[in-house]
Amino acid sequence: MSVPAELRYTQEHEWVSIEADTATIGITDYATQALGDVVYVSLPEVGVAVTAGEPCGEVESTKSVSELYSPVDGEVVEVNEELDDDPGLINAEPYGLGWMFRVRVADGTTATGLLSPTEYDALTKSAG
Amino acid sequence: MTSTVRDTPLRTVHERLGATMTEFAGWLMPLRYGSETAEHNAVRTNAALFDLSHMGEIAVTGPGAGAALDYALCGWPSRLAVGRARYTMLCAPDGGILDDLIVYRQADERFLVVANAANTSVVLAELTERCSGGAVIADESAVTGLVSIQGPNGCGFLSTVTDLPVDSMQYYAGAYGTVAGRPAWVARTGYTGEDGFEIFCAPADCEPIWDALTATGGAGGLPAAGLAARDTLRLEAGMPLYGNELGPDVTPYEAGLGRVVRLDKPGDFVGREALAARAAEGPRATLIGLLGNSRRVPRHGYAVLSAAGDRVGAVTSGAPSPTLGRPIAMAYVEGEAGGPFGIDIRGKTEPAEVTGLPFYDRRK
């Protein structure tokens, strides 16, 4: 189960990479293994405001549907349009080509409540 | 009532293969080993192995076994020749379906009834009562393992490890023989819409048989396929699943399976009056096939809407179809079954086209 050291994580099995004021968000290797083959992803639209901890989309696999949450407050500035035609990129490269959306983090806020790789790794192990 | 989950004889094999396990009908079963889409495609293009040891196997024996089953089931098992099998159903007196089954005639006076894992105890209880005085009923599930090889290349692979002439075996036939030197009942049946064989054996022989079949697949070995692939394969093949398309609230006629009800057999059978009435008045709902136009998948329970937006039915099963490249679903609708229909997928109505079943036919 891959848990890259340079990323931060959420309880909802998402990863966050923050550079300057832009957060790139996707779902973790653990999440893709639990979901199975992803067949559809519904991403928030560019320009939409998102709130930390609130659902903003859906990830659908062969057998299940899971909500997608925003880990940060801000505005969606980019979505990965490759996923329209090839949602399987999420399974193939959850941390790379399978990235999902980017958020410009709201002024004056910081991303709080994110887990370190060690904390996230422990979470996945306790989940069984 | 025990709530412990049961292992199949192949549990350690699944763990070695890295399967994601799931609880199903009281059994710990492999859901998928890697990509369920790859497992599905392996069955359609090559072959794959399934552990089906969770299924129920009930032996019905004695000189009156055939007649007893004619009374207990909708079908006409007494007319099966030895070595032949038939898909049939166990119905309640009101015509509702209690389970769908395959009955194999293994000898003049021995039939093997294969039931869904979730319904084995119901089938056993009903057969015991209905066949009372006419046949001996024995639950052999605990002493029977089941390994299945499904896919166009399966026959060729199996032929290298069995003494049976499987290549010339008819579809829905079975015979006693050996696989990997172990005694087995081998039947040309399956739940995938491909050619394939189901191998009934002693639990202790499941692993040697599985290993021998795996090795026939060459350097990489034959792939294994789990319950997720089993579900998408049967759905593409238009085969019903008990608990989705079949249940106590529908008769075989609603499911489009009136052919399993042999009203032409002599003598009474459980459900005859109700089923004859339903046959005469017509089904109360129609099972249809639907093709989704977007990637969003219609799922069990989602409402089916008419063009005017009225609810006219509900989805019974839905999944992305690897072979068709779009979502497919089955649904019961009332009244006119022509469509066009919309499906309420979590608050948004998605258009769907009506299509005939099966979605996929290997002969075409």
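The values are calculated or read from the model by the stated rules, or taken from the named source; none is laboratory data. Being a predicted model, the structure only gives us computed values, none of them experimental. So basically every Cβ, Gly included, is an ideal-geometry build from the backbone, and we count neighbours across all protein chains shown.
Quick notes on this structure:
- Residue count for the stretch B:21-35, restricted to those that are crowded, with 18+ Cβ neighbours inside 10 Å and touching a residue at least 24 places away in the same chain (Cβ under 8 Å): 6
The rows are residues; the columns are (1) surrounded by 20 or more Cβ atoms within 10 Å (Cβ to Cβ); (2) within 14 Å of chain A (Cβ to nearest Cβ); (3) touching a Lys or Arg at 6+ places or on another chain (Cβ under 8 Å); (4) within 21 Å of B:Thr88 (Cβ to Cβ).
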| position | (1), (2), (3), (4) |
| --- | --- |
| B:Ala219 | no, no, no, no |
| B:Glu236 | yes, yes, no, no |
| B:Glu245 | yes, no, no, yes |
| B:Thr251 | yes, no, yes, yes |
| B:Gly258 | no, no, no, yes |
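- Filtered residue count, the stretch B:102-119, keeping only those that are touching a helix residue (DSSP H, G or I) at 6+ places or on another chain (Cβ under 8 Å), farther than 14 Å from B:Phe269 by Cβ and either in a strand (DSSP E or B) or modelled with pLDDT under 95 (or both): 5
- Options A:Glu54, A:Glu82; residue that is of a type in the set (D, E, K, R) and modelled with pLDDT of 95 or more: A:Glu82
- Residue that is surrounded by the fewest Cβ atoms within 10 Å (Cβ to Cβ), among those in the stretch B:36-46 that are under 18 Å from the mean Cα position of the chain (by Cα) and more than 13 Å from chain A (Cβ to nearest Cβ): B:Arg44
- Enumeration of residues in the stretch A:49-65 that are of a type in the set (Asp, Glu) and outside any strand (DSSP E or B): A:Glu54
- Residues satisfying the stated conditions in the stretch B:171-192, i.e. surrounded by fewer than 23 Cβ atoms within 10 Å (Cβ to Cβ), closer than 11 Å to B:Gln150 by Cβ and touching a helix residue (DSSP H, G or I) at 6+ places or on another chain (Cβ under 7 Å): B:Tyr191
- Of the criteria (1) part of a loop (DSSP other than H, G, I, E, B); (2) at pLDDT 95 or above; (3) under 11 Å from the mean Cα position of the chain (by Cα), which one A:Val46 fails: (3)
- Members of the stretch B:263-285 found to be touching a residue at least 40 places away in the same chain (Cβ under 8 Å) and buried (at least 19 other Cβ atoms within 10 Å of the Cβ), listed by number: B:Phe269, B:Val270, B:Gly271, B:Leu275, B:Arg278, B:Ala285
- Some residue of the stretch B:65-73 being in contact with a strand residue (DSSP E or B) (Cβ under 9 Å, 6 or more places away or on another chain), among the aromatic types (Phe, Trp, Tyr) and either more than 14 Å from chain A (Cβ to nearest Cβ) or in contact (Cβ under 8 Å) with a residue 24 or more places away in the chain (or both): no
- Residues in the stretch B:109-144 that are polar (S, T, N, Q) and surrounded by 15 or more Cβ atoms within 10 Å (Cβ to Cβ): B:Asn116, B:Asn119, B:Thr120, B:Thr128, B:Ser141, B:Thr144.
- Of all residues in the stretch B:173-217 being part of a loop (DSSP other than H, G, I, E, B), among the small types (Gly, Ala, Ser) and modelled with pLDDT of 95 or more, the one that is nearest to B:Ser141 (Cα to Cα): B:Ala202
- Test: residue in the stretch B:25-41 that is over 23 Å from A:Asp37 (Cα atoms), in contact with a Ser or Thr (Cβ under 8 Å, 6 or more places away or on another chain), outside the structural domain of B:Ala125 (by TED's automatic domain parsing) and not hydroxyl-bearing (Ser, Thr, Tyr): yes
- Selection count where residues are within 28 Å of B:Ser321 (Cβ to Cβ) and surrounded by fewer than 20 Cβ atoms within 10 Å (Cβ to Cβ), scope the stretch B:9-20: 3
- Extreme residue, nearest to A:Thr124 (Cα to Cα), among residues of the stretch A:25-65 that are among the small types (Gly, Ala, Ser) and more than 14 Å from every other protein chain (Cβ to nearest Cβ): A:Gly26
- Residue in the stretch B:280-303 that is within 14 Å of another protein chain (Cβ to nearest Cβ) and at positive phi present: yes
Residues are listed down the side, and each one gets a yes or a no for (1) surrounded by 14 or more Cβ atoms within 10 Å (Cβ to Cβ); (2) within 21 Å of B:Pro252 (Cβ to Cβ):
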position	(1), (2)
B:Asn293	no, no
B:Ala307	no, no
B:Arg311	no, no
B:Ala319	yes, no
B:Pro322	yes, no
B:Ala329	yes, yes
B:Val333	yes, yes
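- Which listed residue is in a helix (DSSP H, G or I), within 14 Å of chain B (Cβ to nearest Cβ) and within 21 Å of A:Val46 (Cα to Cα), from A:Leu83, A:Leu68: A:Leu83
- Taking (1) within 20 Å of A:Met1 (Cα to Cα); (2) more than 13 Å from every other protein chain (Cβ to nearest Cβ); (3) in contact with a Phe, Trp or Tyr (Cβ under 9 Å, 6 or more places away or on another chain) in turn, B:Glu15 satisfies each apart from (3).
- So A:Gly96, is it more than 14 Å from chain B (Cβ to nearest Cβ), assigned to a loop (DSSP other than H, G, I, E, B) and small (Gly, Ala, Ser): yes
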